[in-house]
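These notes concern the structure reproduced below.
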Amino acid sequence: MGARSRLLFLLVASLIGIGFALIPATEAETNHKIESFEHFDAKVENNIEISVENKIDKEIPYSLTVTIFSEDLQQEIDLDSSNLVFTIDGIETHYTNFPFTIPLSGNYVFNLTLLSNDDGEITTSSIEYEKLFYDSIVTNLEESITDYYLDENDNANWIFNEIEDKIELINIENEYNTGIILGPYNTKGNKNNNVIIENDFRKSETAEYTISYTTNFNSSQLYSLEWTQLHSVSDGDEVIILDIENNAEIYFRFEAVDSSANETNFWTINEITHKYITIKHDLEIITEEHYFFDINQNPEIVISLENRGLFDQQLGNITISIQVYSKTSEIGTYFRTPNLLSGEHQNINFAFGNLEAGNYYCILDIILINEKIYSKQDLIFMSISTTNLLDETSSDTNFERKNIVIQIDNWNEENDYQITPLIENYYLIELSNQDFVIEQTNYRLISAISMDENRFEFESLDESAETVEGIIAPSIIFENFGTYYANLELSNTGFYSEEYQVSYYFAANFIESLDGPEILTVEPGSSSNFELEIVPLNKIPREGGSQLRIDISSPYQTKSITYVISYAETTIQIEEQGCNKHSVLVGQDIICTTTISNKGYNSNQLSIDIIVLSEKGESEIIDQISIEELKNEESLVLRTTYFPKNDDNFKIIVEVTSEGILLASSEINENINVVSPGTESSVEVNSFGTPKITLTQTVFAISIAGIILQFRRSENLKYLTFKFFIPMYSRLQKDTLADEPTRQKLLSTIYTEPGTNFTLLKEKLGLHNGTLAHHINILENNNMITSHRSGRQRLFFPFGGGLNTTIRNSLITNKTQKDIIQMVKENPGITQSMISQQLDTSRQKINYHVNCLSNNSILRVEKHGRITRLYPMHFT
């Protein structure tokens, strides 16, 4: 055929190919097929070889159309050219290559449609091939080496050959056991994972070469507890293909073992390729197996959906359907088609409207694009009632009618239960005044609900206590006169709205009044909290308690709750008791104050006696008060004035009685000192003779200035000077001591502020030094007050031995000494070294202060060998 003729033929054949689509065609047997694929890797140029056989004994023009459909993309991939036009001589086979590139790993369908034209008779034939194409990663062998299991005797070892880029087993001598760990191979987010291992080896019959894997290799500690053998290398295994686990990190162990080595043996890992298909369409679905709904709720199932695939799922790609069934029939089918981006999470809600009480099951179907790509089916159960018997908070099991759903295989027991098969191996069991008992133990309890249509629960919300009779019941104790409340809850656990009658039973002579509802209306599955107002009597009616019973009645049943009510005892307490003076002159007044309170219920009439008890044991009621009542938390303050008639010291006692019964008694711990007024004899002015002293003018002036300075600085010098010289310039007359106004003020100040000094008294009372010293001298000489020296100060205290501790502590003004005393009190036997460390003070300074305290008999120092320990004195 000439060049011009050949060109004309091709042009005609092209026109024929274009016209095939316009001419009706008839089906014919397939005369074409794919002979081979170059490879099955995605994202790499590929090629298929196609053969077309002409079985007719003449030249026939053909048109071949190739399409490649991606099931993941749900569309045909782009091709440079999808149509081939050619002619084939009679009784010949034509071979042609078709180039293409798969864009993403996954499943692809190849469609080859062949059209032929035999003198105007058009025939067509099609064939389809479905193939998987993989993403591939060739392992960097050097970087993948994670660990070596070296042979103990170094008879054989693994090395990486950098020149040839291979891993080799070398130095095979004698008996050996060695291994190498490679990884990780990450299969998360992929499917159809496999590795292709290209290796060379030679091994004798005694040698064993194995490949194992693990998913729990600790890369930091370099160990794994479990290895699973995948393959044992044998002849012909130059290329090993191993399927591996999805959604994991895989480590491989190549292990070589031989009991009698052969130097000609070897094992070389040339290349490892990880092949996988990236998951484009994947969903994670979470839902509950069983839903319980209260009778008043609208049943609603929530499907948690997450797109874990690579592709976004547009509207229409995902179809979710739920078919709802009762025990006898289908209720309806509900659909949702969400739009879900890659990585997105959504909660898909299905609401089913008003369903009657009982048990239901649902068939959940989820399809992504088509069943071949992704589909899942599941069962969901719904229970509707007022009481979920599987709820841990439901303690009452006394129900007449109950529904139970179980899953059990091969149930063959005979019983009297009403049993309805639901779906597969799930059964509904309806019980009426029966307990559910079966011998088979291989069942699973799905649901248990109450089916009692008319039922209620009645309970107290108040705390229960044990009565004297040993009965545990809710109780109310009247602490004071006021309004008390009983808190109750009524729950309608039936299926219908109910009206309930409320009745109250109590002793009318035990409480003043009771107020509460008489009728309550409660909706099904709801609760009503209500309270009773109880007012007690003003006075305790009698000892012991009483009962209050509350009845709740419906047309079907009555339930009761009984309260134990009682009154708290009257509790009288004497809280404060004291007098305005610690010492008093005979005939002088002393004022004592007493505070009495009631910590219990309102009292009856009270009698309060104020009693004086002398040191000789003689007692006298000096005041008596009567009150009608003392209410709860109410206090009474009594003020009593007493004029002692003799110089006997005494105590004040308070007694509270009611109807002849002593309720409370208290006395002041310390005695009141009573002093008879003393008289002062006249004292003549004394004169003194002094030897003649000759001083120079300067020395005399310095001496006088020093005396004046010391006099101004020292309270002790002032006090003793004026005390000594007062008789030289005045004659004392008989005095009434404490009745004199100035001395009354002095006594009041010293008794209320024990430890006050001379200067403060002078400033507070506005007295001159001589006048103040005069009055203090009289009070001190008559044992009304006492004074003590503290450095340059003179401190004054009320007279009495019980004040020694206060006086001694007041004389300690140095902070370090006070800290030392406190530490010794808290830690008797402590050492000076320990005190020095805790106070962060030098040992020399601590020793100085300890010696001062010891010399004043405030601390006791004991030596134990070389250690000196400190103890407080009994009054410290």
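The values are calculated or read from the model by the stated rules, or taken from the named source; none is laboratory data. If you're wondering where the values come from, they're calculated on a predicted model, not measured in any experiment. Neighbour counts run over all protein chains shown; Cβ positions are idealised from the backbone, glycine included. These accessible areas exclude ligands, DNA and RNA; they are computed on the full protein's heavy atoms, side chains included. Shrake-Rupley method; radii C 1.70, N 1.55, O 1.52, S 1.80 Å.
Here residue 360 does not qualify as closer than 19 Å to residue 448 by Cα, modelled with pLDDT of 95 or more, more than 39 Å from the chain's Cα centre (by Cα) and surrounded by 13 or more Cβ atoms within 10 Å (Cβ to Cβ). Of all the residues in the stretch 760-780, those that are open to solvent by less than 40 Å² (accessible area, probe 1.4 Å) and β-branched (Val, Ile, Thr) number 2.
For the stretch 128-160, residues that are open to solvent by 30 Å² or more (accessible area, probe 1.4 Å) and closer than 18 Å to residue 68 by Cβ total 6. The residues of the stretch 303-317 that are within 30 Å of the chain's Cα centre (by Cα) and open to solvent by less than 50 Å² (accessible area, probe 1.4 Å), listed by number, are 303, 304, 305.
Residues in the stretch 223-244 that are over 37 Å from the mean Cα position of the chain (by Cα) and surrounded by 14 or more Cβ atoms within 10 Å (Cβ to Cβ): 8 in all. Comparison of 412, 403, 398 shows that the only residue that is more than 21 Å from residue 357 (Cα to Cα) and either at pLDDT 90 or above or of a type outside the set (Phe, Trp, Tyr) (or both) is 412.
Is there a residue in the stretch 541-558 that is under 30 Å from residue 635 (Cα atoms) and among the aliphatic types (A, V, I, L, M)? Let's see the steps before the verdict.
Within the stretch 541-558, the subset under 30 Å from residue 635 (Cα atoms) is 541-546.
Right, trim to among the aliphatic types (A, V, I, L, M) and you get none.
The answer is no; no qualifying residue exists.
Taking the numbered list (1) touching a residue at least 24 places away in the same chain (Cβ under 8 Å); (2) open to solvent by 30 Å² or more (accessible area, probe 1.4 Å); (3) closer than 25 Å to residue 372 by Cα in turn, residue 263 passes all entries but (3).
Within the stretch 440-464, residues that are free of Cβ contacts under 8 Å to residues at least 24 places away in the same chain have Cβ atoms under 7 Å from residues that are surrounded by fewer than 14 Cβ atoms within 10 Å (Cβ to Cβ) in these pairs: 464/472, counting only partners at least 6 apart in sequence or on another chain. The test for being closer than 29 Å to residue 649 by Cα, at pLDDT below 70 and either part of a helix (DSSP H, G or I) or not aromatic (Phe, Trp, Tyr) (or both) holds for residue 806. Summed over the stretch 508-559, residues that are loosely packed, with under 12 Cβ neighbours inside 10 Å and aliphatic (A, V, I, L, M) total 2.
Looking only at residues that are in a loop (DSSP other than H, G, I, E, B) and open to solvent by less than 60 Å² (accessible area, probe 1.4 Å) in the stretch 460-481, which one is nearest to residue 399 (Cα to Cα)? Checking each candidate, the answer is 462.
Candidates in the stretch 322-350 are the residues that are touching a Leu at 6+ places or on another chain (Cβ under 9 Å), farther than 24 Å from residue 424 by Cβ and polar (S, T, N, Q); of these, the one that is surrounded by the fewest Cβ atoms within 10 Å (Cβ to Cβ) is 347.
On the basis of being more than 30 Å from residue 30 (Cβ to Cβ), modelled with pLDDT of 95 or more and touching a Lys or Arg at 6+ places or on another chain (Cβ under 6 Å), does residue 194 make the cut? Yes; evaluated as a whole, the condition is true for this residue.
Yes or no: the stretch 358-368 includes at least one residue that is in contact (Cβ under 8 Å) with a residue 12 or more places away in the chain and outside any strand (DSSP E or B).
no
A count restricted to the stretch 620-634 and to residues that are surrounded by 13 or more Cβ atoms within 10 Å (Cβ to Cβ) and of a type in the set (S, T, N, Q) stands at 1. Go through the stretch 42-85 and give me each residue that's open to solvent by less than 40 Å² (accessible area, probe 1.4 Å) and either in contact with a Lys or Arg (Cβ under 9 Å, 6 or more places away or on another chain) or among the hydroxyl-bearing types (Ser, Thr, Tyr) (or both). Matches in the stretch 42-85: 50, 51, 52, 62, 63, 67, 70, 71, 72.
Look at (1) at pLDDT 90 or above; (2) in a strand (DSSP E or B); (3) under 21 Å from residue 532 (Cα atoms) and you find that residue 429 fails only one, number (3).
Give the residues of the stretch 394-423 that are assigned to a loop (DSSP other than H, G, I, E, B) and either under 29 Å from residue 458 (Cα atoms) or under 42 Å from the mean Cα position of the chain (by Cα) (or both), sorted by residue number. Outline the logic, then answer.
Taking the stretch 394-423 as the starting set, the residues that turn out to be assigned to a loop (DSSP other than H, G, I, E, B) are 394-400, 409-417.
Across the stretch 394-423, the qualifying residues are 394, 395, 396, 397, 398, 399, 400, 409.
What about residue 438, is it over 36 Å from the mean Cα position of the chain (by Cα) and part of a strand (DSSP E or B)? Lay out the reasoning, then the answer.
Details: over 36 Å from the mean Cα position of the chain (by Cα): yes; part of a strand (DSSP E or B): no.
Here the answer is no, as residue 438 does not meet what is asked.
Give the residue, chosen from 380, 384, that is touching a residue at least 40 places away in the same chain (Cβ under 8 Å), surrounded by 13 or more Cβ atoms within 10 Å (Cβ to Cβ) and over 22 Å from residue 524 (Cβ atoms). That would be 380, the only listed residue that is touching a residue at least 40 places away in the same chain (Cβ under 8 Å), surrounded by 13 or more Cβ atoms within 10 Å (Cβ to Cβ) and over 22 Å from residue 524 (Cβ atoms). Selection of the stretch 482-507 for residues being assigned to a loop (DSSP other than H, G, I, E, B), among the hydrophobic types (A, V, I, L, M, F, W, C) and either at pLDDT 95 or above or crowded, with 17+ Cβ neighbours inside 10 Å (or both) yields only 495.
Do we have any residue at all in the stretch 179-195 that's in contact (Cβ under 8 Å) with a residue 24 or more places away in the chain, out of contact with any Leu (no Cβ under 9 Å at 6 or more places or on another chain), more than 30 Å from residue 284 (Cβ to Cβ) and in a strand (DSSP E or B)?
Let us first name the residues in the stretch 179-195 that are in contact (Cβ under 8 Å) with a residue 24 or more places away in the chain, namely 179-195.
Next, only the ones that are out of contact with any Leu (no Cβ under 9 Å at 6 or more places or on another chain) stay: 183-188, 190-191, 193.
Okay, now just the ones that are also more than 30 Å from residue 284 (Cβ to Cβ), so none.
Taking every residue of the stretch 179-195 in turn, none turns out to be in contact (Cβ under 8 Å) with a residue 24 or more places away in the chain, out of contact with any Leu (no Cβ under 9 Å at 6 or more places or on another chain), more than 30 Å from residue 284 (Cβ to Cβ) and in a strand (DSSP E or B).
Only a single item in (1) open to solvent by 30 Å² or more (accessible area, probe 1.4 Å); (2) assigned to a loop (DSSP other than H, G, I, E, B) is not met by residue 562, and it is number (2).
Is it true that residue 219 is without any contact (Cβ under 8 Å) to a residue 40 or more places away in the chain and of a type outside the set (Val, Ile, Thr)? Even if it seems obvious, please write down each step before you answer.
On the way: without any contact (Cβ under 8 Å) to a residue 40 or more places away in the chain: no; of a type outside the set (Val, Ile, Thr): yes.
The answer is no for residue 219.
Residue-wise test of (1) of a type outside the set (A, V, I, L, M); (2) under 23 Å from residue 310 (Cα atoms); (3) free of Cβ contacts under 8 Å to residues at least 12 places away in the same chain.
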site: 77; (1), (2), (3): no, yes, no
site: 84; (1), (2), (3): no, no, no
site: 89; (1), (2), (3): yes, no, no
site: 109; (1), (2), (3): no, yes, no
site: 113; (1), (2), (3): yes, no, no
site: 117; (1), (2), (3): yes, no, no
site: 128; (1), (2), (3): yes, no, no
site: 133; (1), (2), (3): yes, yes, no
site: 147; (1), (2), (3): yes, no, no
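Does at least one position in the stretch 199-222 carry a residue that is open to solvent by 50 Å² or more (accessible area, probe 1.4 Å) and of a type in the set (Gly, Ala, Ser)?
Looking through the stretch 199-222, at least one residue is open to solvent by 50 Å² or more (accessible area, probe 1.4 Å) and of a type in the set (Gly, Ala, Ser).
Restricted to the stretch 856-866, and to residues there that are touching a Ser or Thr at 6+ places or on another chain (Cβ under 8 Å) and at pLDDT 80 or above, the residue that is surrounded by the most Cβ atoms within 10 Å (Cβ to Cβ) is 859.
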